[in-house]
1. Hey, any hits in segment 36-44 for a residue that's modelled with pLDDT under 80, under 27 Å from the mean Cα position of the chain (by Cα) and closer than 30 Å to Asp194 by Cβ?
2. For a quick check of your reading: which strands (runs of 3 or more DSSP E) sit entirely within segment 78-140 and have at least 1 residues that are modelled with pLDDT of 90 or more and surrounded by fewer than 19 Cβ atoms within 10 Å (Cβ to Cβ)?
3. Would a scan of segment 250-257 turn up a residue that is within 30 Å of Leu103 (Cα to Cα), at pLDDT 80 or above and either basic (Lys, Arg) or part of a strand (DSSP E or B) (or both)?
4. Within segment 285-305, identify whether any single residue is crowded, with 16+ Cβ neighbours inside 10 Å, of a type in the set (Phe, Trp, Tyr) and either in a helix (DSSP H, G or I) or under 32 Å from the mean Cα position of the chain (by Cα) (or both), and answer yes or no.
5. Just to be sure I understand the filter: pairs with C-beta atoms under 7 Å, separated by 6 or more residues or on different chains, first member in segment 1-21 and under 18 Å from Thr129 (Cα atoms) and without any contact (Cβ under 8 Å) to a residue 24 or more places away in the chain, second member in a loop (DSSP other than H, G, I, E, B) and among the aromatic types (Phe, Trp, Tyr). Which pairs pass?
6. Kindly indicate which of Phe164, Phe159, Phe145 is surrounded by 15 or more Cβ atoms within 10 Å (Cβ to Cβ) and on the phi < 0 side of the Ramachandran plot.
7. Looking at segment 243-256 only, could you name the residues that are within 18 Å of the chain's Cα centre (by Cα) and over 20 Å from Pro83 (Cα atoms)?
Amino acid sequence: MNFKLGEFVRFVDENREGFITRIIDEQMVGVTGDDDFEIPVMVNNLTRVHGHKNNPESINTRVEESIVDDDFIEKGIFLTVCPDANKGSVVHFYFVNETSFELLFTLQSEKDQKFHGEFAGIAKPLSATKIYSASLPDLDLWPKFNITIISYTSQNIKFLTPIFKDLKFRAKDFSGSKKTIPFIKQQGWAFELDEGELKIDVQKLKESFFKSQPEKKEIEKPAKEVDLHIEKLRDDYQFLNKSEILDIQLNVFQRNLEAAIAHKFTNIVFIHGVGNGVLSNHIHKTLGKHPQVKTFKDAYKEKFGYGATEVVFK
């Protein structure tokens, strides 16, 4: 089989195309299309889409030259996850080597006690190599990743201790903001693979038990209009399931409601959208029981329709 993860392909017998997001076996792959669903397809039913703009498999920004010991970089090995520039529901995994070592690395997936070798290669110094692709909506179905890394250099530098990492991604792993990934200049999440062991400062730990309680923080004044759409609240919303999204929205609603009361607002508007009505129902149920709420009503119908609620306080 000549197809690789992350390739953009078209079906031979129907008008459909997408990214290869899983290698099932030698005869079948998983393809994620515009509907964001991954479907199994026989490889003889696929053809490459030539000319489709895609990320290069390996990017090496270092000019080959001798590296003097003083310039040698010994730390900076990452696994990064970047959304595809053309298809946000597909993400690509890059092995990023910011060190001066050449690195031999392997990636093996593990699921239900079944193992599969996904990638093996050599990462040149200061380079990024695409090693895996996956469907974002299937985050909960991603396998565990077993990574092995061995270093090499001809310089008078001691090799790194071999690195063995087992990674199982969850939605919370992507709760931080994206940053620009070196060498590929794309936004994504970076997970350091060569971080040292956690060292505990015993003295500081003892001191922490005797510190006085910090003063209560002043409650921040909320905006007059609070937008609860999840894309306004979190950068990583694509990785969250419906239950997690609702919990985040309700927490922001509750926090801003109490802050408005603390700052003696006469009213506040929550923009929740129409959607399936679950969020607005939770909000209205809370408001109906709140002792400080005088009334609530649809706000700015000409602008939001039934997608916003104005709260009037006593």
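1. No.
2. Here the list reads 102-111, 114-123.
3. No, segment 250-257 contains no residue that is within 30 Å of Leu103 (Cα to Cα), at pLDDT 80 or above and either basic (Lys, Arg) or part of a strand (DSSP E or B) (or both).
4. Checking segment 285-305: at least one residue is crowded, with 16+ Cβ neighbours inside 10 Å, of a type in the set (Phe, Trp, Tyr) and either in a helix (DSSP H, G or I) or under 32 Å from the mean Cα position of the chain (by Cα) (or both).
5. Short answer, once both residue conditions are applied: none.
6. Exactly one residue qualifies, and that residue is Phe145.
7. Hits for segment 243-256 are Ser243, Glu244, Ile248.
The values are calculated or read from the model by the stated rules, or taken from the named source; none is laboratory data. Computed from a prediction, not measured in an experiment: that's the story for all the values here. Cβ sites come from the backbone with ideal geometry, for glycine too, and all protein chains shown count toward neighbours.
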